[in-house]
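In what follows, a single structure is set out as structure tokens and then discussed.
The values are calculated or read from the model by the stated rules, or taken from the named source; none is laboratory data. The structure presented is a predicted model; accordingly, all values stated were derived computationally and were not measured. Quick reminder, even Gly has a Cβ in these numbers, built from the backbone with ideal geometry, and neighbours come from all protein chains shown. Ligands, DNA and RNA are excluded from the accessible area calculation, which covers all protein heavy atoms including side chains. Shrake-Rupley method; radii C 1.70, N 1.55, O 1.52, S 1.80 Å.
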Amino acid sequence: MLNLLSIITGIVALLLAIPSTIPLLGWGNWFVLPIAVVGIGLGALSSSNGGRNFCLIVFAIAVVRLMLGGGII
């Protein structure tokens, strides 16, 4: 059950991260990071690793986008 919640949380974070890859919308990744961390936590409590790994990938995408944009853009 926690793995399913982690996957759903990851999908929500990914849906918010996709528009944040557009220039001048990079600040949206600051909203994605806490959501992805919650998904990572839920996935860590689960017996399966699929949801946790998915949230880790979404987290990494958001962090790389923030690094490329200088943290704001």
Legend entry - Val37-Ile57 pseudo-label distance in nm [points 7 Å out on the Cα-to-Cβ vector]: 2.3
Legend entry - Per residue value of the accessible surface for the chain (all protein chains in place, 1.4 Å probe), Å²: 59
Inset, instruction - Output the Cα-based Rg and Dmax of the chain in Å, rounding Rg to one decimal and Dmax to a whole number. - result: 12.0, 39
Inset, instruction - For Val63, Val37, Val32, write out the residues from largest to smallest accessible area, computed with a 1.4 angstrom probe and no ligands counted. - result: Val37, Val63, Val32
Legend entry - Mean-position separation - Cα centroids, the range 1-29 and the range 38-73, in angstrom: 9
